[in-house]
Amino acid sequence: MAEQLEFFPVPSPCRGICQVDGRGYCIGCLRSRDERFNWMRLSDAQKREVLRLCYQRRLRLLRQQKTSDDPDPQQPSLF
């Protein structure tokens, strides 16, 4: 498959936080160690794939936080 011509480089998702969670992902940008260290060597298509993976990780993290933060709805008392 031919790679699409890009006019602008794919920007790094780094937010300058650079701390790793328990699973090995940066808590700022959600990239793995390899994804962070090899960012400059990746093609634009590979960078877009990493960004897609980061987006999926973020959605998963938000779902986990939502389920842990929302208590079970309580039935109001009748008395």
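Only the coordinates and a few stated rules stand behind these numbers; no lab work does. In this text, all values refer to a predicted model and were calculated from it rather than measured experimentally. FYI the Cβ positions are ideal-geometry reconstructions off the backbone, even for glycines, and counts take in every protein chain you see.
Quick notes on this one:
- The fraction of all Cα pairs in region 8-58 landing in successive 10 Å bins from 0 to the largest distance is 27, 60, 13, 0, given as whole percents.
- Rounded to 0.05, the FRET efficiency of the ARG63 and ASP34 pair, given R0 = 22 Å and the Cβ-Cβ distance, is 0.35.
- Extension reserve of the ARG52-PHE8 stretch, reckoned as 0.36 nm per residue once the Cα distance is removed: 14.1 nm
- The packing ranking, built from the mean of other Cβ atoms within 10 Å per residue, places the peptides 16-22, 48-54, 26-32, 58-64 in the order 26-32, 48-54, 58-64, 16-22, highest first.
- For VAL20, residues with placed amide H under 5 Å, excluding near neighbours: ILE27
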